[in-house]
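K.L.:
Okay, here's the structure, questions in a sec.
The values are calculated or read from the model by the stated rules, or taken from the named source; none is laboratory data. Quick caveat: nothing in here was measured; it's all calculated off a predicted structure. Cβ coordinates were reconstructed from backbone atoms using ideal geometry, including for glycine residues, and neighbour counts include every protein chain displayed. The protein model used for the area step is the full one, side chains on, heavy atoms only, and it has no ligands, DNA or RNA in it. Shrake-Rupley method; radii C 1.70, N 1.55, O 1.52, S 1.80 Å.
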Amino acid sequence: MDHRSRLLLKALVERYILDGQPVGSRTLSRHSGLDLSPATIRNVMADLEDMGLIASPHTSAGRIPTPRGYRLFVDSLLTVKPIEVEKTEEMQDRLQSADPQRVLASAASLLSSLSSFAGVVMTARRSSRFRQVEFLRLNAQRFLLIIVTDQGDVQNRILITDRDYRQEELIEAANYINQHLAGLGFDEIKSKLREELQHLQLDISALMQAAVQTSESALSEEVDPVVISGQRNLLGVSDLADNMERLRRLFDMFDQKTSLLQLLDASSRAKGVQIFIGGESSLVPMDQLSVVVAPYEVDGRIVGTLGVIGPTRMAYERVIPIVDITARLVSGALNHLNH
């Protein structure tokens, strides 16, 4: 492709994203910034169509981008708009929480509100090991067990015991668990407890066993692997909502989450922002859909993926930096909780 063809393709895609109407040669003549006659532009458009980069819908004289055209546009013609420092600080504030699951839920909501489409986060796989536990007395025979995993995830569970425990006993039980059992697998913990409980005061052994059993149960609970926010935003997108079959398939994807998980899992194997365009990627179930995703990390290790699901006709120059910055901020928030 020569420079002129690339500029015209860029102008056509940008115009189509802006107003959703097939773009004709006269419109391109006005908006491309090139001093070309409509006849010359028609010739270039014919060449672009032959290359499979644009197509003519129905009987319209205008053209629209194909998935291949969108791919060329996002890979080499796009000018990304950086996010202002103030907006980044605002985003960071919205992701502040002492609970990693809340950080991820806030990220999905943030992605949705900033893009006006659906925000999606593949949650980090929950750790099955704890870093520390703490007991909080609620009343006689009723205690709050606070479990902090080695990834900084916090779980709270109510413990109901056969008898009341003094504050000193609660501290003693928590100290022993944290000093001797933290970071071990639960099979190892149970084995160690069986061997060592006979050397401990028997009056706190029942409390410790209950705490370990409750911790194991809490950390083995299934977490929803995907958090989605703003699906209803897509009902306002004409490219998707004007076809009932298309809408049904879209919401099936959100309900069943299988194809969504496959896509998010595939994208977690590479660093940086990735764009999956419907009709081009078999991972995207609909031609009219695009997914912009990026992985997030804890301690330099990719633990999940987040992104935006919207129409292929989305403002990529705006959505890409939103996804990129959100992934970086989520990584920062989770790393902060983990140390």
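K.L.:
Here are some conditions: (1) of a type outside the set (A, V, I, L, M, F, W, C); (2) open to solvent by 40 Å² or more (accessible area, probe 1.4 Å); (3) not in a loop (DSSP other than H, G, I, E, B). PRO82 meets all but one. Which one does it not meet?
P.N.:
Exception for PRO82: condition (3).
One line per residue, one yes/no per condition, for (1) open to solvent by less than 40 Å² (accessible area, probe 1.4 Å); (2) modelled with pLDDT of 90 or more:
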residue: LEU12; (1), (2): yes, yes
residue: LEU18; (1), (2): no, yes
residue: LEU34; (1), (2): no, no
residue: SER37; (1), (2): no, no
residue: ILE41; (1), (2): yes, no
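K.L.:
With the condition kept exactly as written, say whether any residue in the stretch 95-109 is open to solvent by 80 Å² or more (accessible area, probe 1.4 Å) and of a type outside the set (A, V, I, L, M).
P.N.:
Here is the first cut: in the stretch 95-109, the ones open to solvent by 80 Å² or more (accessible area, probe 1.4 Å) are 96, 102.
Narrowing further to those that are of a type outside the set (A, V, I, L, M): 96, 102.
Yes, the stretch 95-109 has at least one match.
K.L.:
Identify, please: which residue in the stretch 153-179 is outside any helix (DSSP H, G or I), more than 42 Å from the chain's Cα centre (by Cα) and not basic (Lys, Arg) and is, among those, nearest to ASP203 (Cα to Cα)?
P.N.:
Within the stretch 153-179, the first condition is being outside any helix (DSSP H, G or I), and the residues that meet it are 153-166.
From the residues that got through so far, the ones that are more than 42 Å from the chain's Cα centre (by Cα) too are 162-166.
Applying the additional criterion that residues be not basic (Lys, Arg) yields 162, 164-165.
Working: ASP162: 11, ASP164: 11, TYR165: 9 Å.
Residue satisfying both the conditions and the ranking: TYR165.
Listed here are the residues, each with its yes/no results for (1) closer than 23 Å to ARG102 by Cβ; (2) out of contact with any Asp or Glu (no Cβ under 6 Å at 6 or more places or on another chain); (3) modelled with pLDDT of 90 or more.
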position	(1), (2), (3)
LEU263	no, yes, no
ALA270	no, yes, no
GLN288	no, no, no
PRO295	yes, yes, yes
ARG318	no, yes, yes
PRO321	no, yes, yes
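K.L.:
Within the stretch 238-331, which strands (runs of 3 or more DSSP E) (wholly inside it) include 3 or more residues that are hydrophobic (A, V, I, L, M, F, W, C), open to solvent by less than 40 Å² (accessible area, probe 1.4 Å) and farther than 23 Å from SER106 by Cα? Even if it seems obvious, please write down each step before you answer.
P.N.:
Working: elements: 274-277, 289-298, 301-311.
Here the list is empty.
K.L.:
Quickly run through the stretch 210-249 and pick out the residues that are free of Cβ contacts under 8 Å to residues at least 12 places away in the same chain and either of a type in the set (A, V, I, L, M, F, W, C) or touching a helix residue (DSSP H, G or I) at 6+ places or on another chain (Cβ under 7 Å) (or both).
P.N.:
ALA241, MET244 - these are the residues of the stretch 210-249 that are free of Cβ contacts under 8 Å to residues at least 12 places away in the same chain and either of a type in the set (A, V, I, L, M, F, W, C) or touching a helix residue (DSSP H, G or I) at 6+ places or on another chain (Cβ under 7 Å) (or both).
K.L.:
Which residues, counting only those in the stretch 95-125, are over 13 Å from the mean Cα position of the chain (by Cα), in a loop (DSSP other than H, G, I, E, B) and hydroxyl-bearing (Ser, Thr, Tyr)?
P.N.:
SER97, SER116
K.L.:
Inspect the stretch 51-62 for any residue being out of contact with any Phe, Trp or Tyr (no Cβ under 6 Å at 6 or more places or on another chain), surrounded by 14 or more Cβ atoms within 10 Å (Cβ to Cβ) and assigned to a strand (DSSP E or B) and give the result as yes or no.
P.N.:
Within the stretch 51-62, one or more residues are out of contact with any Phe, Trp or Tyr (no Cβ under 6 Å at 6 or more places or on another chain), surrounded by 14 or more Cβ atoms within 10 Å (Cβ to Cβ) and assigned to a strand (DSSP E or B).
K.L.:
Sticking with this structure for a sec: Out of the stretch 23-32, which residues are in contact with a helix residue (DSSP H, G or I) (Cβ under 9 Å, 6 or more places away or on another chain) and open to solvent by 50 Å² or more (accessible area, probe 1.4 Å)?
P.N.:
So the first thing to find is which residues in the stretch 23-32 are in contact with a helix residue (DSSP H, G or I) (Cβ under 9 Å, 6 or more places away or on another chain), and the list is 23-29, 31-32.
Listed by number, the residues that qualify are ARG26, HIS31.
Conditions (1) of a type in the set (Asp, Glu); (2) buried (at least 18 other Cβ atoms within 10 Å of the Cβ); (3) modelled with pLDDT under 90; (4) out of contact with any strand residue (DSSP E or B) (no Cβ under 8 Å at 6 or more places or on another chain), marked per residue:
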residue: SER127; (1), (2), (3), (4): no, no, yes, no
residue: PHE135; (1), (2), (3), (4): no, yes, no, no
residue: ASN139; (1), (2), (3), (4): no, no, yes, yes
residue: ALA174; (1), (2), (3), (4): no, yes, no, no
residue: ASN178; (1), (2), (3), (4): no, no, no, no
residue: GLY183; (1), (2), (3), (4): no, no, yes, no
residue: GLU195; (1), (2), (3), (4): yes, no, yes, yes
residue: SER215; (1), (2), (3), (4): no, yes, yes, no
residue: ASP224; (1), (2), (3), (4): yes, no, yes, yes
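K.L.:
Select from the stretch 244-269 the residues that are among the aliphatic types (A, V, I, L, M) and closer than 19 Å to VAL226 by Cβ and list them in ascending order. If you could, list the steps in order and put the result at the bottom.
P.N.:
Residues of the stretch 244-269 that are among the aliphatic types (A, V, I, L, M), as a first pass: 244, 247, 250, 253, 260-261, 263-264, 266.
Scanning the stretch 244-269 gives LEU250, MET253, LEU260, LEU261, LEU263, LEU264, ALA266.
K.L.:
Only residues in the stretch 252-270 that are of a type in the set (S, T, N, Q) count as the first member; pair them with residues that are part of a helix (DSSP H, G or I), Cβ under 8 angstrom, at least 6 apart or cross-chain, and list the lot.
P.N.:
Short answer, once both residue conditions are applied: SER259/MET253.
K.L.:
Does at least one position in the stretch 250-265 carry a residue that is over 14 Å from the mean Cα position of the chain (by Cα) and either of a type in the set (A, V, I, L, M) or within 30 Å of TYR165 (Cβ to Cβ) (or both)? Give the steps one after another, and end with the answer.
P.N.:
So in the stretch 250-265, the residues over 14 Å from the mean Cα position of the chain (by Cα) come out as 250-253, 255-256, 258-259.
Of the ones still in play, those that are also either of a type in the set (A, V, I, L, M) or within 30 Å of TYR165 (Cβ to Cβ) (or both) are 250, 253.
For the stretch 250-265, residues over 14 Å from the mean Cα position of the chain (by Cα) and either of a type in the set (A, V, I, L, M) or within 30 Å of TYR165 (Cβ to Cβ) (or both): present.
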